[in-house]
Amino acid sequence: MTTILKDKRIVLGVSGGIAAYKSVELARELTLAGAQVDVVMTRAAREFVGPLTFETLTRRPVRTEVFEQWTEAESGHVSLGERADVMVIAPATAHVIAKLAHGLADDMLSVTALATPAPIIVAPAMDYHMYQHPATQANLQTLADRGVRIVGPDDGPLASGLVGPGRLVTTARLMDAIRATLGANGPLAGVRVVVTAGPTREPLDPLRFLSNRSSGKMGYALVAAAIDAGASVTLITGPTALTPHGEASVIRVETAAEMADAVQAAVQDADVLIMTAAVADYRPSSVAEHKIKKSSDDLTLNLTRTTDILASIDRPGLLKVGFAAETTSLLDYARDKLRSKHLDLIVANDARTSMGSDEGWAYLLQPGQDAEEVGPTSKAELAAVIIDRVASLLRSHPAADAAPAPAPPEGSASA
Ligand code: CTP
């Protein structure tokens with residue numbers, strides 16, 4: 001799969017904390033995604049993990065010393081940073097954070113950080129007393145003020161035996177931050193996108209609910225694709241087993257009514273609404289206060305229509321994208337929904353094959369145009385195609401009252 005990471009030059013700075021072993025996984029994930037990863041280790045980091053581990057996974061030499069023998073093509077202690085698309089320092093110890101904040105350059109990692117014009121991501125990991133120390137906090141603030149993206153730390157059990165903030169964030173969270181940084185100047189830079197995902201749950205009694213098979217995968221893939229393109233994204237999600245993108249603002253809801261309220265509020269200052277959620281069309285007319293006990297052989301439920309969220313949103317200038325999940329007459333039903341819900345784009349797919357699957361296959365329909373078939377492919381690829389279409393629709397969209405003009409596509413240049 002092509003991702004924003006393909007052929008990107010990433011410098012991974014590893015400093016000396018026990019969490020250094022976790023950056024091995026990050027190096028592997030980045031390499032698997034097609035990035036060229038150059039690892040720079042401090043002397044202390046080499047006490048925890050051997051350079052050979054990183055060299056084997058990245059198939060690139062690991063830099064450790066400023067005055068190492070350089071090849072003709074890569075001579076100079078600053079060339080690594082100069083050609084990087086992004087530099088990630090994970091884990092970043094309190095000591096390395098202090099050096100970066102004060103511009104010290106006494107080893108290869110700090111020299112590279114000072115020499116690079118690329119955006120820098122810092123993922124702190126340390127004992128929580130060190131993390132909470134005013135000196136560390138001030139240093140992190142200095143870096144943040146300078147435009148460095150600080151990711152984490154997470155809360156939890158620490159190697160010292162203490163529990164609190166200080167854990168290195170997950171590899172997935174770091175991947176999200178790296179992708180968002182690489183995509184920051186993409187075709188949706190400055191655009192605010194609201195994505196809904198997953199099923200809703202309509203309670204029957206304290207134990208039971210009516211729901212559907214939606215996994216949320218399509219919506220979550222769209223969140224990632226929109227962030228790759230530079231958008232700021234709000235995800236409104238029903239219950240799913242997925243971990244939301246670390247760079248999205250997340251609003252969790254259960255019922256169709258909660259989702260309707262959340263969408264109404266979120267679109268007030270949004271440019272695009274993408275509704276992938278499988279919203280329940282009916283809810284139980286009343287919710288039993290206590291567990292419904294079995295009695296007769298048949299049980300009849302009274303159901304009441306829920307609000308059609310997409311149809312009810314009519315903020316001028318908002319670009320509306322819907323999904324149609326059907327089991328028959330796919331294009332006919334999709335065209336009806338495109339018209340009746342006043343959509344700019346609808347994505348039509350077969351509910352039987354798409355729900356829960358990692359595969360994507362769909363038709364894209366716009367008013368007055370022929371349907372375009374996309375796939376079969378992955379949901380990630382399908383999401384990228386949909387986001388591309390959203391970007392071109394925005395460029396031709398009539399002036400929105402709340403939306404700034406989106407930036408022209410510039411690829412994924414570093415800031
Ligand atoms: N949708 C919505 N609110 C609802 C139901 C659906 O906003 N109460 C949105 C979905 O998120 C999707 C689009 O409307 O983007 C079409 O949803 P779908 O379930 O395919 O169709 P319905 O409009 O519910 O019609 P039907 O169930 O009769 O096919």
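The values are calculated or read from the model by the stated rules, or taken from the named source; none is laboratory data. Note that this is a predicted model, so its numbers are computed, not measured. Cβ coordinates were reconstructed from backbone atoms using ideal geometry, including for glycine residues, and neighbour counts include every protein chain displayed. Side chains are part of the model used for accessible areas, which takes the heavy atoms of the whole protein and leaves out ligands, DNA and RNA. Shrake-Rupley method; radii C 1.70, N 1.55, O 1.52, S 1.80 Å.
If you build the Cα gyration tensor of the chain and take the root of 5 times each eigenvalue, what three semi-axes come out, in whole angstrom, biggest first?
Numbers: eigenvalues 395, 132, 71 Å².
Over the Cα atoms of the chain, the ellipsoid semi-axes are 44, 26, 19 Å.
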Quiz item: So, counting K/R as plus one and D/E as minus one, what does the shell of residues with Cβ under 13 Å around THR306 add up to?
Solution: -3
Quiz item: Given the protein chains as shown and a 1.4 Å probe, how many square angstrom of ASP314 are accessible, to the nearest 10?
Solution: 130 Å²
Quiz item: To the nearest 10 Å², what's GLU254's accessible area with a 1.4 Å probe?
Solution: 90 Å²
Quiz prompt | Net charge of Cβ neighbours under 14 Å - reference LYS6; Lys, Arg +1; Asp, Glu -1 | solution = -2
Exercise. List, in order, the whole-Hz ³J(HN,Hα) value for each residue of region 38-50 obtained from phi through the Karplus relation with A = 6.51, B = -1.76, C = 1.60 and θ = phi - 60°; use x for Gly and Pro.
Key: 10, 8, 10, 10, 7, 4, 5, 4, 6, 6, 9, 9, x
Quiz prompt | region 212-264 shape via C-alpha gyration tensor axes, a/c threshold 1.5 | solution = oblate
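What does the extension gain come out to for GLU82 and ASP106, with contour length at 0.36 nm per residue minus their alpha carbon separation? Walk me through the numbers on the way to the answer.
Working: separation 24, 0.36 × 24 = 8.64 nm, distance 1.76 nm.
Here the segment from GLU82 to ASP106 would lengthen by 6.9 nm.
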Quiz item: Which value, in nm² and rounded to one decimal, describes the direction-averaged projected area of the C-alpha convex hull of region 315-362?
Solution: 3.7 nm²
Quiz item: Using 0.36 nm per residue, how much length does the chain from ASP154 to HIS290 gain when fully extended, once their Cα-Cα distance is taken away?
Solution: 45.1 nm
Practice problem: Name the long-range amide H neighbours of THR306: under 5 Å, sequence gap of 5 or more, or other chain; modelled H, no Pro or chain starts. | Solution: TYR282, ARG283
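For the chain, what is the charge dipole size about the Cα centre, in debye to the nearest 20, if Lys and Arg each add +1 at the Cβ and Asp and Glu each add -1 at the Cβ?
440 debye
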Quiz item: How much net charge surrounds VAL86 when only other residues with a Cβ under 12 Å from its Cβ are counted (Lys, Arg +1; Asp, Glu -1)?
Solution: +3
Quiz prompt | Surface accessible to a 1.4 Å probe, per residue, for the residues of region 82-181, Å² | solution = 41 Å²
Quiz item: What does the accessible area per residue of region 341-389 come to in Å², with a 1.4 Å probe and no ligands, DNA or RNA counted?
Solution: 46 Å²
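Measure off, as a whole percent, the carbon and sulfur share of the 1.4 Å-probe accessible area of the chain, all protein chains present. Before the final figure, lay out the partial values.
Working: 10020 of 19520 Å².
The C+S portion of the solvent-accessible surface of the chain is 51 percent.
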Quiz item: What is the set of long-range amide H partners of ASN212 at a cut-off below 5 Å, with H atoms built 1.01 Å from backbone N?
Solution: THR200
Quiz item: Considering the chain as a Gaussian network with a 10 Å cut-off on Cα pairs, which listed residue, LYS99, LYS379, LYS293, attains the greatest mean-square fluctuation?
Solution: LYS293
Quiz item: Hey, what do the phi angles of region 295-310 turn into as Karplus ³J(HN,Hα) couplings, whole Hz, using 6.51/-1.76/1.60 and θ = phi - 60°, x for Gly and Pro?
Solution: 9, 6, 5, 10, 10, 9, 9, 9, 10, 10, 4, 8, 6, 7, 4, 4
Quiz prompt | GLU65 paired with GLU373, simple spin-label distance in nm, labels 7 Å along Cα-to-beta-carbon | solution = 6.2 nm
Exercise. Rank ILE251, ILE346, ILE236 by mean-square fluctuation in a GNM of the chain with C-alpha springs under 10 angstrom and give only the top-ranked residue.
Key: ILE251
